[in-house]
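Derivation of every value follows stated rules applied to the coordinates shown; laboratory data play no part. All values reported here derive from a predicted model rather than from experimental measurement. All Cβ positions, glycine included, derive from the backbone under ideal geometry; neighbour counts span all protein chains shown.
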């Protein structure tokens, strides 16, 4: 080898020591946020905001600013309705009917939206043809799909899933497309020199690199799934379909029972937020944190 | 070695000879020209470059802006095709960039293992080999580290280990230390010289830093600008280990800098 003329290094140990010193100096220490700070900075503010909303609500009722309970029930009334539903054992049934529909619909949307997004991102003709349609569908409120879905598919679960899919698939596909578009060209070049071309390149480089955009799309896709489902349940409420949260709201309206309407609204809101907090936010944080994209503090 | 890149067809023939026996060169650049479409028709970037690179040789390519250094490196890497002439390499070359270009969704060790996997190293041997390579660049124990936990110099060393994981006879480096601070760069020069001596890999190193070129190379190739042509070559006889502040390094650097400035001045007169 041509390198054989290199003399053995006398200062090899020096170099190792120097390098270890540099490494230690240049590496920023990372520490976990203490629990106390986490509580005061992350948990306390939303709890305070919620308390404030409840206080204003209670004040509106207590000081008789809104007198008619058919317009605005007291927080306690809504609580009683919720409590009764729990005691009767129907509360979890309402929630499960909607959540199972929502999650199954979302999984279907995931299975359709992912390959669609990949195709649109990779095939130039499809991108030109389909991308504007996807963006357009995203801005169309999915309630608009309920009447045609009822006419095409009838009043059944299939119609619900169709509306959920039309709401969520564009978000998921669009998220993946913009995720792939934002992959730095350097990664693709580096991948190619390592031998990741064609499908290997997609699997090892493009897809993992696009993950942050994809997860953002999933998060939005879930929000759209849930909204579409509620719209479908409210408009197409039919006794044979079982009572989900949307039907509960519609039943409350038909019975002019404002406490029941509020019960349904509170539940819809809670479930939507809970699934985002329990599933999608941790997923997003994990993706960003492992890439060093999340600023701590 | 199998080369699947359609752009690296030239390399395929060389890979075939690599099976039958070692070639007399790590890369062969023969009358290579490259032009790109520009505002005023075709713009000639490289003009009739010929360069034979011996196995295990350390060459630095030096030139001012617009000399087509990076274009030439892309051609050798098989990422682009020459307009005229041919580039033949002994297998697929490894390439290191100015940015570390490591994948942030993988740990340091996994980045190296991905390179091994794409090369076809069986699963059971990847972990062990990755640890060896990390030890070679003196990052023992960094296997599970995330990139944002490493300093700039450490990332560039992981990138070096990943490039070495390709087990290529030719390592192309595109200004790999340009974005680092002077102290770290100095240490990495020592490190690269040591790794080069230990592995016997051939290095083609692009830089615009004359001192760096002289500090590292056995041969310095000066390119002229617009279009890029080989202006002059120097064989560097100063024994390794060298230091960037050595008098002999400084002396040759002065000579090469004069020549480089002369090349640059010609453009002002036009």
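Rounded to the nearest 5, what is the percent of antiparallel bridges among the DSSP beta bridges in the protein assembly as shown? Percentage antiparallel, nearest 5: 50.
Mind running the shape call on region B:97-247? Use the C-alpha gyration tensor, a ≥ b ≥ c as the square roots of the eigenvalues: rounded below 1.5 for a/c, prolate if a/b tops b/c, oblate otherwise.
Details: a/c = 1.91, a/b = 1.77, b/c = 1.08.
Note, shape of region B:97-247 comes out prolate.
Calculated from DSSP H runs of 4 or more alone, at -39500 (n - 2.57) each and per residue, what is the 222 nm mean residue ellipticity of chain B, nearest 500?
Values: 8 runs with 108 residues, N = 270.
My calculation for chain B gives -13000 deg cm²/dmol from helical runs alone.
Take the Cα of residue A:111, go 7 Å toward its beta carbon, and none of the backbone nitrogen atoms of region A:234-269 fall under 18 Å from that spot. The angle between the Cα long axis of helix B:152-165 and the main principal axis of chain B comes to about 80°, on a 0 to 90 degree scale.
Taking only the alpha-carbon atoms of region A:20-166, what semi-axes of the equivalent ellipsoid follow from 5 times the gyration tensor eigenvalues under a square root, in whole Å, largest first? Walk me through the intermediate numbers first.
Values: eigenvalues 303, 264, 58 Å².
With the √(5λ) rule applied to region A:20-166, the semi-axes are 39, 36, 17 Å.
One decimal place: the segment residue B:40-residue B:267 gains 79.9 nm when fully extended, by the rule 0.36 nm per residue minus the C-alpha distance.
In this rough spin-label picture, where each label sits 7 Å from Cα along the Cβ direction, the residue A:182-residue B:148 distance is 1.4 nm. With a simple spin-label model that places each label point 7 Å from the Cα along the Cα-to-Cβ direction, the separation between residue A:135 and residue A:71 comes to 4.4 nm.
For residue A:126 and residue A:96, calculate 0.36 nm times their separation in residues minus their Cα-Cα distance, and state this gained length in nm to one decimal. Show your work: numbers first, answer last.
Working: separation 30, 0.36 × 30 = 10.80 nm, distance 3.81 nm.
My answer for the length gained is 7.0 nm.
Put the Cα centre of region B:111-190 next to the Cα centre of region B:216-270 and the gap is 29 Å.
Binning all Cα-Cα separations of chain A at 5 Å, short to long from zero, yields these whole-percent fractions: 1, 5, 8, 11, 11, 11, 11, 10, 8, 6, 5, 3, 3, 2, 1, 1, 1, 0, 0, 0. For region B:102-166, the convex hull spanned by the alpha carbon atoms encloses 68 Å³ per residue. The helix-only estimate of mean residue ellipticity at 222 nm for chain A, built from DSSP H runs of length n ≥ 4 each weighted as -39500 (n - 2.57), is -23500 deg cm²/dmol after division by the residue total.
Say R0 is 51 Å: what FRET efficiency, to the nearest 0.05, do residue B:65 and residue A:266 get from their beta-carbon distance? Don't jump to the answer; show the numbers that get you there.
Numbers: r = 64 Å, r/R0 = 1.26.
Working from the Cβ atoms, E equals 0.20.
Coordinate range of the alpha-carbon atoms in region A:242-297 per principal axis, descending: 53, 25, 10 Å.
Sticking with the crude label model, points 7 Å out along Cα→Cβ, report the distance from residue A:36 to residue B:243 in nm, one decimal please. Taking the two extended label points, one gets 5.1 nm.
Distance from the Cα centroid of region A:55-109 to that of region A:216-286 is 11 Å (rounded to whole angstrom).
What is the gain in length, in nm to one decimal, between residue A:203 and residue A:276 on full extension, counting 0.36 nm per residue of separation less the C-alpha to C-alpha distance?
Details: separation 73, 0.36 × 73 = 26.28 nm, distance 2.72 nm.
Taking 0.36 nm per residue and subtracting the Cα distance, the gain is 23.6 nm.
Working from Cα pairs under 8 Å separated by at least six residues, relative contact order for chain B is 24 percent.
Provide the FRET efficiency to the nearest 0.05 for the residue A:51-residue B:208 pair, computing r from the beta carbons and using R0 = 51 Å.
Details: r = 62 Å, r/R0 = 1.22.
Result of the calculation: an efficiency of 0.25.
Percent of Cα pairs in the protein assembly as shown per distance bin of 20 Å, from zero to the largest separation: 17, 38, 25, 16, 4. With a ≥ b ≥ c the root eigenvalues of the C-alpha gyration tensor of chain B, is it rounded (a/c under 1.5), prolate (a/b larger than b/c) or oblate? Oblate shape, in that a/c is at least 1.5 and b/c is the bigger or equal ratio.
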